[in-house]
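Since the structure comes first, as structure tokens, the remarks are kept for the end.
Read-outs throughout are calculated quantities, based only on the coordinates presented, and are distinct from any laboratory measurement. Since we're looking at a predicted model, the values are computed, not measured. Cβ placement follows ideal geometry from the backbone for every residue including glycine, while neighbour counts extend to all protein chains displayed.
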Amino acid sequence: MKPSHILVLDPEASRRDGLVNALKVSGHLPVVVGDTAEAVRALAVPGLDVALVSLATPGLDQTLLREALAPSQPAEPEPLDDVERRHIARTLSYTRGNKRRAAHLLGIARSTLLAKVRKYGLDNHPISE
């Protein structure tokens with residue numbers, strides 16, 4: 001199963017943490033946001049597959065959320081290098097710097113990942129190969 005990037009917005013810490021742990025154990029890549037404004041900004045960035053939002057979130061503007069989910073004007077596409085860099089950085093963060101595991105999750109050779117890490121200046125991730 002290919003991992004999904006899942007946005008998580010839930011004000012209740014214990015429920016949110018349990019959900020995030022369950023998503024990680026299932027091989028997904030949760031993106032935790034702290035408030036509605038942060039969720040709207042995250043939704044504007046391409047790459048999220050699913051959004052889990054507690055409708056009980058204080059200050060949740062459902063109209064603003066609806067607009068973020070289905071904007072009237074499509075967002076301008078990002079350059080592929082920017083998207084690839086962000087995805088690799090998130091994957092390295094998810095694997096806590098384990099490049100062998102990150103390469104496996106990304107479906108590329110470890111040598112290819114190492115070349116991309118150098119290309120995008122992501123060398124600051126801890127190495128636990």
Is it possible to state the helix-based mean residue ellipticity at 222 nm for the chain, with each DSSP H run of 4+ residues giving -39500 (n - 2.57), the sum divided by total residues, to the nearest 500 deg cm²/dmol? What is it? -14500 deg cm²/dmol
Name the residues whose placed amide hydrogens come within less than 5 Å of the amide hydrogen of ALA51, ignoring near sequence neighbours (fewer than 5 apart) on the same chain. LEU7
Given the peptides 3-14, 56-67, arrange them by the average over their residues of other C-beta atoms within 10 Å, most packed first. 3-14, 56-67
Global form of region 28-82, assessed from the alpha-carbon gyration tensor, a/c cut-off 1.5: oblate
Could you tell me the center-to-center distance, by alpha carbons, between region 79-97 and region 1-65 in angstrom? 18 Å
Note, region 106-120: 3J(HN,Hα) by Karplus (6.51, -1.76, 1.60, θ = phi - 60°), whole Hz, Gly/Pro = x, goes 7, x, 10, 5, 4, 5, 5, 4, 4, 5, 5, 4, 5, 4, 9
What shape does region 1-45 have by the C-alpha gyration tensor, where a ≥ b ≥ c are the square roots of the eigenvalues, rounded means a/c under 1.5, and otherwise prolate means a/b greater than b/c and oblate the rest? oblate
Per residue and in Å³, how big is the convex hull formed by the alpha-carbon atoms of region 61-112? 109 Å³
